[in-house]
Amino acid sequence: MTAGLKHLLGIEPLTPDQITAILDLADSYVDLNKRQIKRTDTLAGRTQINMFFENSTRTQASFELAGKRLGADVMNMAMQASSIKKGETLIDTALTLNAMHPDLLVVRHPNSGAVDLLAQKVNCAVLNAGDGRHEHPTQALLDALTIRRAKGRLHRLSVAICGDIAHSRVARSNLILLGKMENRIRLVGPSTLMPSGIADLGCEVYHDMEEGLKDVDVVMMLRLQKERMDGGFIPSEREYYHRYGLDAAKLARAKKDAIVMHPGPMNRGVEIDGDIADDIHRSVIQEQVEMGVAVRMAAMDLLMQGRAAKSKEVWV
Ligand code: NCD
């Protein structure tokens, strides 16, 4: 089962069957990651290069570990200190690395569309680890796997995505994925943090958190992406927490068994109360991190299978 994967640039081009194939394979990697010997030779002899043009802790660590557990040779490029700083363009950097014959490039970039552009210039498989406000496909896939394991299904669920939707690639990829799998999505947050053209997204919009969380199965919180804000989007963090921070009173509006998610990094006391984030009966935030490694292993495995099979089908 190669699923015909050439690159993983976004959720947009994936079919529900392809999403399911990645999640099914990831389930087996969850088991492998719990063993004492957490290693296969699936990607032995393959070279993976991680290029992070934006700061990242968990995503970069997760991709690095995923590659190592599959037996690949993994290299982390220090992009902050790279030739880019000396004026080299993204494309020249990509072409230079391409000449070293990597098999996988994992790229995070602050500009939307930069990773797609790079993928057109290289011969190897490219994985988007987040491009601007555009997409973060492995985050949506790991969120989907976390939901599927917690709820026993990934369809006909009511999911509230809350907070800074406008600046979030996590929200965008999740909206697309959860929509494809036929879930009901609510966007909850102040109007200043809603993307334009929201009416076309096919989801319900709430500006009142207590209404928005009523009877949902999943509460997905987002960080205030201050690095992408160039003005005053909220009156103050204190006011924001009061109206949109997830606390016990607001969570009580959701279903009794609703799960709480957050992609990290979290701002405790801004978008989420620390006690809720740490409540092992409600919060699946640590499971999300665990699923992240497994989903990335599955995606890289399928990409390499697709390349080995020289599949004519193209997923971009
Ligand atoms: C997210 C990102 O970088 O888009 N984080 C992540 O990948 N774990 C969300 C965020 O930065 O808030």
Out of (1) part of a loop (DSSP other than H, G, I, E, B); (2) within 14 Å of the ligand (Cβ to nearest atom), the odd one out for residue 127 is which? (1)
Could you check how many residues of segment 187-236 are of a type in the set (S, T, N, Q) and under 20 Å from the mean Cα position of the chain (by Cα)? 1
Looking only at segment 270-316, and only at residues there that are modelled with pLDDT under 95 and among the small types (Gly, Ala, Ser), the one that is nearest to residue 226 (Cα to Cα): 306
What number of residues in segment 221-230 are open to solvent by 60 Å² or more (accessible area, probe 1.4 Å) and either at pLDDT 90 or above or under 19 Å from residue 170 (Cα atoms) (or both)? 2
Given the structure, is residue 185 open to solvent by less than 20 Å² (accessible area, probe 1.4 Å), touching a helix residue (DSSP H, G or I) at 6+ places or on another chain (Cβ under 8 Å) and part of a strand (DSSP E or B)? yes
Cβ-Cβ under 8 Å, sequence separation 6+ or interchain: first residue in segment 231-252 and buried (at least 17 other Cβ atoms within 10 Å of the Cβ), partner among the hydroxyl-bearing types (Ser, Thr, Tyr). Which pairs? 233/192; 234/192; 234/240
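What residue, of 146, 96, is in a helix (DSSP H, G or I) and in contact with a helix residue (DSSP H, G or I) (Cβ under 6 Å, 6 or more places away or on another chain)?
Values: 96 fails: in contact with a helix residue (DSSP H, G or I) (Cβ under 6 Å, 6 or more places away or on another chain).
When all the criteria are applied, what remains is 146.
For segment 22-38, which residues satisfy the criterion of being in a loop (DSSP other than H, G, I, E, B) and surrounded by 13 or more Cβ atoms within 10 Å (Cβ to Cβ)? Before you say what the answer is, go through the steps one by one.
Just the residues of segment 22-38 that are in a loop (DSSP other than H, G, I, E, B), to begin with: 33-38.
Correct list: 33, 38.
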Tell me whether segment 169-185 contains one or more residues that are within 14 Å of the ligand (Cβ to nearest atom), closer than 22 Å to residue 264 by Cβ and modelled with pLDDT under 95. no
Within segment 288-312, track down each residue that is open to solvent by 20 Å² or more (accessible area, probe 1.4 Å) and within 14 Å of the ligand (Cβ to nearest atom). 289, 290
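So, residue 138, is that one among the polar types (S, T, N, Q), within 15 Å of the chain's Cα centre (by Cα), away from the ligand (no atom under 11 Å from the Cβ) and not in a loop (DSSP other than H, G, I, E, B) or not? So that I can check it myself, show each step before the final result.
Working: among the polar types (S, T, N, Q): yes; within 15 Å of the chain's Cα centre (by Cα): yes; away from the ligand (no atom under 11 Å from the Cβ): no; not in a loop (DSSP other than H, G, I, E, B): yes.
In short, no.
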Among residues of segment 43-78, those that are within 16 Å of residue 302 (Cα to Cα), within 16 Å of the ligand (Cβ to nearest atom) and of a type in the set (A, V, I, L, M), counted: 1
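Please enumerate the residues belonging to segment 53-89 that are part of a helix (DSSP H, G or I) and modelled with pLDDT of 85 or more. Let's see the steps before the verdict.
Start the filter on segment 53-89 by keeping residues that are part of a helix (DSSP H, G or I), which leaves 58-69, 79-81, 83-86.
58, 59, 60, 61, 62, 63, 64, 65, 66, 67, 68, 69 - these are the residues of segment 53-89 that are part of a helix (DSSP H, G or I) and modelled with pLDDT of 85 or more.
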With respect to residue 152, is the statement that it is touching a residue at least 40 places away in the same chain (Cβ under 8 Å) and on the phi > 0 side of the Ramachandran plot true? no
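Out of curiosity, is residue 163 buried (at least 20 other Cβ atoms within 10 Å of the Cβ) and within 16 Å of the ligand (Cβ to nearest atom)? First the steps, then the outcome.
Working: buried (at least 20 other Cβ atoms within 10 Å of the Cβ): yes; within 16 Å of the ligand (Cβ to nearest atom): yes.
For residue 163, the condition - buried (at least 20 other Cβ atoms within 10 Å of the Cβ) and within 16 Å of the ligand (Cβ to nearest atom) - is met.
Every residue, every condition in (1) away from the ligand (no atom under 16 Å from the Cβ); (2) within 14 Å of residue 161 (Cα to Cα); (3) more than 22 Å from the chain's Cα centre (by Cα), yes or no:
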site	(1), (2), (3)
245	no, yes, no
249	yes, no, yes
256	yes, no, yes
261	no, yes, no
266	no, no, no
271	no, yes, no
276	yes, no, no
281	yes, no, yes
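Taking residue 99 as the residue in question, decide whether it is of a type in the set (A, V, I, L, M, F, W, C), more than 14 Å from the ligand (Cβ to nearest atom), more than 21 Å from residue 172 (Cα to Cα) and in contact (Cβ under 8 Å) with a residue 60 or more places away in the chain. Quick ask: steps written out before the conclusion?
Details: of a type in the set (A, V, I, L, M, F, W, C): yes; more than 14 Å from the ligand (Cβ to nearest atom): yes; more than 21 Å from residue 172 (Cα to Cα): yes; in contact (Cβ under 8 Å) with a residue 60 or more places away in the chain: no.
No, not satisfied.
The values are calculated or read from the model by the stated rules, or taken from the named source; none is laboratory data. Every value quoted in this text rests on a predicted model; they were computed, and no experiment measured them. Cβ sites come from the backbone with ideal geometry, for glycine too, and all protein chains shown count toward neighbours. These area figures cover heavy atoms from the full protein model, side chains too; ligands, DNA and RNA do not enter into them. Shrake-Rupley method; radii C 1.70, N 1.55, O 1.52, S 1.80 Å.
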